[in-house]
Amino acid sequence: MSLDHDKISKLGEQHPPPANHVYAYGTAGFRSNANVLDAVLFRVGIIAVFRSMKLDGKAVGVMITASHNPECDNGVKLVDPHGDMLDPSWEAYATALANTPLDSLASYCSQLANTLKIDLTKKANIIIARDTRPSGDAMLSSLNHGIESVNNGSVSVQDFGLATTPALHYLVRATNSKGTNDDYGEPTIQGYMDKMVSAFNGLVQGKPSIAPLKVDCANGIGAPYIHDLSEKLQKVNAPLTLEPVFDDTTPGIGKLNNGCGADHVKSKQLLPVGFTPGPNERCASLDGDADRIVYYYNDQRGNFKLLDGDKIASLLSVFIIDLVEKAGLTDTANVGVVQTAYANGCSSKFINAQQVPIKCVPTGVKHLHHAAQQYSVGVYFEANGHGTVLFSDEFINLVKSTVPVMPAQQTALQQLIHLSQLANQTVGDALSDLLLVEAILIQKQWGPAEWDGLYEDFPNRLVKVTVPDRTAFTTTDAERKLVTPADLQKEIDGHVSKYQDGRSFVRPSGTEDCVRVYAEAQTRGQADELAFKVAGLIY
Ligand code: NG1
Ligand code: ZN
């Protein structure tokens with residue numbers, strides 16, 4: 001069977017690429033201003049069909065989102081059958097297809113199918129979802145055209161409409177695992193919510209409730225999900241109430257990620273605009289597609305305090321280490337934490353002091369996810385709030401086969417099973433992370449200040465510097481040291497050596513056209529000064 005070149009060309013012509021635009025499938029798929037993405041969506045439709053055919057018709061996911069970016073942006077990324085990111089070897093094919101001129105599109109599709117040895121008679125299953133961006137509808141229709149252009153009559157598409165990114169990852173894995181030994185749950189949004197609520201309930205049943213959690217959903221898709229989750233928690237009398245910060249269940253134009261959301265709170269180290277919580281009131285912000293979460297509160301004196309991905313990882317690892325010990329599995333299981341260079345130095349010191357090993361990997365969820373899979377229980381978090389906890393199959397089997405000798409051990413074993421069902425095993429998930437954190441706070445009967453008291457962050461500063469060519473910046477040592485431009489690292493080291501507990505590094509962004517400078521030091525003034533001195537070295 002061969003491809004219908006006429007059909008590809010005819011449909012492709014309706015989605016011409018803009019002149020002189022070069023696309024790259026990066027850590028977050030394709031992402032840019034929505035008005036240059038039409039052709040990309042069409043071509044991603046083709047790649048998605050090829051990927052599914054190559055994998056014998058297993059469902060692959062397509063998520064249309066630009067996450068925390070401004071509302072005018074959009075993006076698209078592919079999800080592999082197990083619910084993880086697209087296999088890196090296919091990123092290059094996606095990039096090449098996106099950059100193919102219109103007149104050679106059809107022939108390039110055939111060439112690609114040949115190179116990849118795709119049997120074009122196979123079935124393909126595509127699962128689609130999108131965030132609330134106004135450009136989402138047009139993106140979806142270009143994507144569907146792309147899918148249609150290579151449809152051999154055996155391509156099926158399931159469109160879940162507006163959904164969070166982690167829900168799409170869940171749906172892909174649940175669809176492919178249905179009826180197997182590895183069944184991940186009911187492949188519906190309700191199935192995803194019910195699974196989380198039931199695991200959460202297992203962890204907190206019978207515990208006294210804690211104060212309500214205020215949730216800012218960045219005026220995005222997280223809002224209806226939080227609303228739903230809140231109702232489900234009420235129905236089962238869970239000791240937790242969720243209260244929206246904004247009336248944001250209906251998306252309004254221009255509101256998404258605007259002065260609110262996880263990225264605003266983390267990078268500006270500020271509250272969402274227009275929101276003033278009372279002293280010690282626990283708050284959380286999600287990003288636009290609900291795969292990131294950060295917590296925060298105003299202390300008694302009104303000082304803003306951030307509880308970011310590092311604080312979440314620390315809370316989780318303390319709790320998990322304790323459970324593993326109570327379950328009597330300390331000698332047979334290894335618990336580890338995976339961070340990036342952006343992790344606050346104090347969090348790494350704290351986690352190490354709990355005898356938990358830390359691995360530092362380059363930025364990008366796929367690196368963290370992969371490294372966390374090497375542990376029995378791997379906690380991974382980016383400082384910006386993207387992360388989850390992975391449980392190995394061996395560990396789960398060990399927990400299930402351990403015969404408890406004391407009630408406390410039995411409880412710990414059960415709780416480990418609930419935790420593994422609550423933590424999203426495919427990707428960082430704001431909703432699942434929220435419930436993980438809340439379950440621990442409920443168990444410990446902690447407010448935000450007690451959690452914050454685990455350790456105090458070093459003040460830090462993140463600065464963006466625009467450069468003519470960010471590819472001139474290459475790094476080593478999990479991005480903590482520059483290799484090129486030559487000698488720049490020496491100059492950075494020179495500045496860093498003048499600050500007590502100073503740390504600074506420079507790396508090219510994988511998602512924006514800039515390089516990022518990170519600095520931390522003992523005081524806010526010193527962290528700012530170091531960041532700006534290092535930024536001043538960049539040309
Ligand atoms: P880049 O642009 O490569 O720094 C940003 C975030 C990452 C990750 C990706 C994917 C920072 C400093 N960087 O990457 O952590 O979330 O976006 O969205 O927050
Ligand atoms: Zn996101």
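The values are calculated or read from the model by the stated rules, or taken from the named source; none is laboratory data. Values in this document were obtained by computation on a predicted structure and should not be read as measured data. FYI the Cβ positions are ideal-geometry reconstructions off the backbone, even for glycines, and counts take in every protein chain you see.
Of the residues in segment 32-43, how many are within 16 Å of ligand 1 (Cβ to nearest atom) and buried (at least 24 other Cβ atoms within 10 Å of the Cβ)?
So the answer is 0.
Which strands (runs of 3 or more DSSP E) sit wholly inside segment 224-310 and have at least 3 residues that are more than 16 Å from ligand 2 (Cβ to nearest atom)? Break it down into steps so the answer makes sense when it comes.
Values: elements: 242-244, 283-286, 293-298, 304-307.
In segment 224-310, 242-244, 293-298, 304-307 are the strands (runs of 3 or more DSSP E) which contain 3 or more residues that are more than 16 Å from ligand 2 (Cβ to nearest atom).
MET63 passes all but one of (1) in a strand (DSSP E or B); (2) in contact with a Gly (Cβ under 7 Å, 6 or more places away or on another chain); which number fails?
(2)
Just to be sure I understand, how many residues within segment 481-523 are of a type in the set (Gly, Ala, Ser), free of Cβ contacts under 8 Å to residues at least 60 places away in the same chain and away from ligand 1 (no atom under 11 Å from the Cβ)?
Applying the first criterion (of a type in the set (Gly, Ala, Ser)) to segment 481-523 yields 486, 494, 497, 502, 504, 509-510, 519, 521.
Filter once more, keeping what is free of Cβ contacts under 8 Å to residues at least 60 places away in the same chain: 486, 494, 497, 502, 504, 509, 519.
Restricting the remaining residues to those that are away from ligand 1 (no atom under 11 Å from the Cβ) gives 486, 494, 497, 502, 504, 519.
Number of matching residues: 6.
Among the residues of segment 44-61, is any farther than 26 Å from ASP137 by Cβ, surrounded by fewer than 19 Cβ atoms within 10 Å (Cβ to Cβ) and without any contact (Cβ under 8 Å) to a residue 24 or more places away in the chain?
no
Within the group ALA106, ALA129, which residue is over 20 Å from HIS21 (Cβ atoms), under 18 Å from the mean Cα position of the chain (by Cα) and either in the same structural domain as PHE30 (by TED's automatic domain parsing) or surrounded by 23 or more Cβ atoms within 10 Å (Cβ to Cβ) (or both)? Quick ask: steps written out before the conclusion?
Numbers: ALA106 fails: under 18 Å from the mean Cα position of the chain (by Cα).
Only one candidate passes the filter, namely ALA129.
Quick one: VAL79 ticks every box in (1) away from ligand 1 (no atom under 16 Å from the Cβ); (2) within 21 Å of the chain's Cα centre (by Cα) bar one, so which box is it?
Here VAL79 meets the rest and fails (1).
Scan segment 272-294 and report the pairs whose first residue is more than 19 Å from ILE221 (Cβ to Cβ) and assigned by TED's automatic domain parsing to the domain that holds LEU229 and whose second residue is within 16 Å of ligand 2 (Cβ to nearest atom) and in a loop (DSSP other than H, G, I, E, B), with Cβ atoms within less than 8 Å and a gap of 6+ or a chain change.
VAL273/CYS260; PHE275/CYS260
Does segment 373-381 contain at least one residue that is closer than 30 Å to ASP80 by Cβ, within 12 Å of ligand 1 (Cβ to nearest atom) and within 20 Å of the chain's Cα centre (by Cα)? Steps first, answer last, please.
So the first thing to find is which residues in segment 373-381 are closer than 30 Å to ASP80 by Cβ, and the list is 373-381.
Now restrict to residues that are within 12 Å of ligand 1 (Cβ to nearest atom): 380-381.
So of that shortlist, the ones also within 20 Å of the chain's Cα centre (by Cα) come out as 380-381.
Looking through segment 373-381, at least one residue is closer than 30 Å to ASP80 by Cβ, within 12 Å of ligand 1 (Cβ to nearest atom) and within 20 Å of the chain's Cα centre (by Cα).
Right, ALA341: in contact (Cβ under 8 Å) with a residue 40 or more places away in the chain and either within 16 Å of ligand 2 (Cβ to nearest atom) or touching a strand residue (DSSP E or B) at 6+ places or on another chain (Cβ under 9 Å) (or both) or not? Working first, answer last.
Values: in contact (Cβ under 8 Å) with a residue 40 or more places away in the chain: yes; either within 16 Å of ligand 2 (Cβ to nearest atom) or touching a strand residue (DSSP E or B) at 6+ places or on another chain (Cβ under 9 Å) (or both): yes.
The answer is yes for ALA341.
I'd like the full set of residues that are in a loop (DSSP other than H, G, I, E, B) and not hydrophobic (A, V, I, L, M, F, W, C), limited to segment 406-449. Steps first, answer last, please.
From segment 406-449, those in a loop (DSSP other than H, G, I, E, B) are 406, 423-429, 445-447; that's our starting set.
Within segment 406-449, ASN424, GLN425, THR426, GLY428, ASP429, GLN445, GLY447 qualify.
Given the criteria in contact with an Asp or Glu (Cβ under 7 Å, 6 or more places away or on another chain), touching a residue at least 12 places away in the same chain (Cβ under 8 Å), crowded, with 19+ Cβ neighbours inside 10 Å and not assigned by TED's automatic domain parsing to the domain that holds ALA290, does ASP80 qualify?
Working: in contact with an Asp or Glu (Cβ under 7 Å, 6 or more places away or on another chain): yes; touching a residue at least 12 places away in the same chain (Cβ under 8 Å): yes; crowded, with 19+ Cβ neighbours inside 10 Å: yes; not assigned by TED's automatic domain parsing to the domain that holds ALA290: yes.
Considered against the rule, which asks whether it is in contact with an Asp or Glu (Cβ under 7 Å, 6 or more places away or on another chain), touching a residue at least 12 places away in the same chain (Cβ under 8 Å), crowded, with 19+ Cβ neighbours inside 10 Å and not assigned by TED's automatic domain parsing to the domain that holds ALA290, ASP80 comes out as yes.
Considering only segment 1-46, how many residues are in contact with a Gly (Cβ under 9 Å, 6 or more places away or on another chain) and in a strand (DSSP E or B)?
So the count comes out to 5.
How many of the residues making up segment 487-538 are among the polar types (S, T, N, Q) and under 23 Å from the mean Cα position of the chain (by Cα)?
At the first step, the residues of segment 487-538 found to be among the polar types (S, T, N, Q) are 489, 497, 500, 504, 509, 511, 522-523, 526.
Still in the running and under 23 Å from the mean Cα position of the chain (by Cα): 509, 511.
Summing the residues that are among the polar types (S, T, N, Q) and under 23 Å from the mean Cα position of the chain (by Cα) in segment 487-538 gives 2.
Among the residues of segment 126-163, which ones are in contact with an Asp or Glu (Cβ under 6 Å, 6 or more places away or on another chain) and either modelled with pLDDT under 95 or within 18 Å of ASP429 (Cα to Cα) (or both)?
Matches in segment 126-163: ILE128, ASP131.
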